[in-house]
1. Using the Karplus equation 6.51 cos²θ - 1.76 cosθ + 1.60 (θ = phi - 60°), what ³J(HN,Hα) coupling, rounded to whole Hz, does each residue of the stretch 202-219 give in order, writing x for Gly and Pro?
2. Using just the helices of the chain, give the 222 nm mean residue ellipticity in deg cm²/dmol: DSSP H runs with n ≥ 4 each add -39,500 (n - 2.57), and the total is spread over all residues, rounded to 500.
3. Give me the net charge for the shell around Glu3: Cβ to Cβ below 11 angstrom, other residues only, Lys and Arg +1, Asp and Glu -1.
4. What residues qualify as long-range amide H neighbours of Ser33, i.e. H under 5 Å apart, gap of 5 or more or another chain, H built at 1.01 Å from N?
5. Provide the packing ranking of 210-216, 49-55, 77-83, i.e. peptides ordered by the mean count of other C-beta atoms within 10 Å per residue, highest first.
6. Give me the accessible area per residue for the stretch 65-178, probe 1.4 Å, as a whole number in Å².
7. Label-point separation (nm) for Gln26 and Ala57, each offset 7 Å from Cα along Cα-to-Cβ?
8. If each residue of separation counts as 0.36 nm, what is the full-extension length gain between Ala81 and Met124 once their alpha-carbon separation is subtracted?
Amino acid sequence: MSERVIVFIGAPGSGKGTQSSRLAKQLGIPALSTGEMLRAEARRETPAGRKLRDILAAGSLVDDSVVCDAVNARLRRDMPARGIILDGFPRNLPQAECLDGILAAMGKPGPLVLHLQASRQCLMERLTSRRHCEICGAVYNLALRPSRLGWNCENDGALLAQREDDAEAVISHRLNEFDRACAPLVSFYRRGDYHLIDGDQDAEVVSGTLFAIVAMSAARAAA
Ligand code: AMP
């Protein structure tokens, strides 16, 4: 339905991961999470991996040049004809400018931007109760979407873990980082195909809204 690059903007816990994988499934296109990409890199026992591990654990942002180079390499190597969803990139103005440059060089239009905006209370509740499976990557929420097996993953029975950067002290730092970068990012994208969505709503409701926006945007582009 869409050949565009779709970008998710949203604070940690706003639902970017959940919604981008649902949308990817619905549209039959891949979703690239820079957070996942960096966490995989951080698991490597190399000096770069160890350095990355410290940055992620502190909830700070990784250098723009590192992330931009990685996304650039990924998109140039394999830009699916039907489009791709970017979850967690761009996260600030320099990264948005970098993405524009990458897309322009590939002859692609600017991205469709989906901004999930959730209240601080909702973000805190979601992040402190988020758990994941380190084997298959499945994500649960102790309150909203608990595993039917309690502390174990429904897919493989592995014990569920909490992300190191979901500790309460680190969450505040991550949310502040997001708030600082968000306004310039929004004013950069507001001129284009930008949509603000209430991320406090139930995940099913948000999914429906997002799908409708993507369909509308694709129809407009085809007209
Ligand atoms: P996420 O999984 O999106 O919550 O990202 C987890 C962590 O990965 C962030 O707290 C940052 O340390 C890092 N990260 C992910 N995406 C980016 C990005 N676009 N720029 C800089 N750091 C990033």
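1. So the Karplus estimates, Gly and Pro as x, are 4, 4, 5, 5, 4, 4, x, 5, 5, 4, 5, 5, 5, 4, 5, 5, 5, 5 Hz.
2. That calculation yields -16000 deg cm²/dmol at 222 nm.
3. +3
4. Asp87
5. On the way: 210-216: 16.3, 49-55: 14.4, 77-83: 12.0.
Highest-to-lowest ranking by the protection proxy: 210-216, 49-55, 77-83.
6. For the stretch 65-178, the per-residue accessible area is 50 Å².
7. So the label points at Gln26 and Ala57 sit 3.9 nm apart.
8. Extending this stretch completely gives an extra 11.7 nm.
The values are calculated or read from the model by the stated rules, or taken from the named source; none is laboratory data. Note that the coordinates shown come from a computational prediction; the quantities given were computed from them, not determined experimentally. Here Cβ is always computed from backbone atoms with ideal geometry, including for glycine, and neighbour counts include all displayed protein chains. Side chains included, ligands, DNA and RNA excluded: accessible areas come from the protein's heavy atoms. Shrake-Rupley method; radii C 1.70, N 1.55, O 1.52, S 1.80 Å.
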